[in-house]
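The values are calculated or read from the model by the stated rules, or taken from the named source; none is laboratory data. Predicted model, so just to flag it, every value in this text is computed and none were measured. With ideal geometry, Cβ positions are generated from the backbone for all residues, glycine too; neighbour counts draw on all protein chains shown. Quick note on the areas: whole protein, heavy atoms, side chains included, nothing else; ligands and nucleic acids left out. Shrake-Rupley method; radii C 1.70, N 1.55, O 1.52, S 1.80 Å.
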Amino acid sequence: MTFRTVRRSFLLLLGLMVVVLGTTGLAYPPPLPNPVLYLVDTEVYQANGTQFIRYKYDVLNKNDYPAAMFAAAPALPPCGANTKASRTWVDFYDQSGQRLYGFCALGKPGDLGSIWFALEQGKVPPSWVYIELNDRQTNIKYKSNLADTTN
């Protein structure tokens, strides 16, 4: 082999490596943002003779999440008796990390616009709450900001 042939082979291999290494970053989708949670409203309601206050929330950037995250996931563990629970579960927590309530069967990103938790009327609510979206397929959790519990 001549020096010229070796040099051309080396340059061709080097160029191929640059192309392959330069495009590997394109194979991964961009990371998803954390949810931006905000209080929409509160309402009083009664269940089984007890008065409750429902704290209703929305996620400002709900449309940034793919629909696949909320598809039924029968291959993953069920949510109680619900064998068609969604891939992503949503849980409410108070500012100290105490779980308040959760949703395991939201069907689409838009359903993040009507999530809530409730407390018995007269019980002092936490000052702040946050949610976590737990993508059970990828084992990635997306934690929101702290949101008020008062209008």
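You will find that of ASN63, ASN48, the residue that is open to solvent by 60 Å² or more (accessible area, probe 1.4 Å) and more than 21 Å from LEU100 (Cβ to Cβ) is ASN63 and no other.
So, LEU106, is that one touching a residue at least 60 places away in the same chain (Cβ under 8 Å), assigned to a loop (DSSP other than H, G, I, E, B) and within 25 Å of PRO31 (Cβ to Cβ) or not? When the stated conditions are applied, LEU106 does not pass them. Taken together, the criteria place ARG136 among residues that are basic (Lys, Arg) and touching a Pro at 6+ places or on another chain (Cβ under 8 Å).
The set of residues in region 109-151 being under 15 Å from the mean Cα position of the chain (by Cα), of a type in the set (Ser, Thr, Tyr) and in a loop (DSSP other than H, G, I, E, B) consists of THR138, SER144.
For region 72-85, check the following and say yes or no: at least one residue is touching a helix residue (DSSP H, G or I) at 6+ places or on another chain (Cβ under 8 Å) and either on the phi > 0 side of the Ramachandran plot or not in a loop (DSSP other than H, G, I, E, B) (or both). Scanning region 72-85, I find no residue that is touching a helix residue (DSSP H, G or I) at 6+ places or on another chain (Cβ under 8 Å) and either on the phi > 0 side of the Ramachandran plot or not in a loop (DSSP other than H, G, I, E, B) (or both), so the answer is no.
Selection over region 99-151 of residues that are hydrophobic (A, V, I, L, M, F, W, C) and open to solvent by 40 Å² or more (accessible area, probe 1.4 Å) gives a count of 7.
Which is in contact with an Asp or Glu (Cβ under 8 Å, 6 or more places away or on another chain), farther than 17 Å from PRO33 by Cα and among the hydroxyl-bearing types (Ser, Thr, Tyr), of SER96, SER86, SER127? Only one candidate qualifies: SER127. Name the pairs: first residue in region 81-97 and in contact (Cβ under 8 Å) with a residue 24 or more places away in the chain, second residue surrounded by fewer than 13 Cβ atoms within 10 Å (Cβ to Cβ), Cβ to Cβ under 6 Å, at least 6 apart or on different chains? Correct list of pairs: ASP91/ARG99; TYR93/ARG99. With respect to (1) modelled with pLDDT of 95 or more; (2) within 22 Å of the chain's Cα centre (by Cα), the lone exception for PHE52 is condition (2).
Being touching a residue at least 60 places away in the same chain (Cβ under 8 Å) and loosely packed, with under 14 Cβ neighbours inside 10 Å is true of ASP41. Can you name every residue in region 46-63 that is free of Cβ contacts under 8 Å to residues at least 40 places away in the same chain and outside any loop (DSSP other than H, G, I, E, B)? Answer for region 46-63, where residues must be free of Cβ contacts under 8 Å to residues at least 40 places away in the same chain and outside any loop (DSSP other than H, G, I, E, B): GLN46, ALA47.
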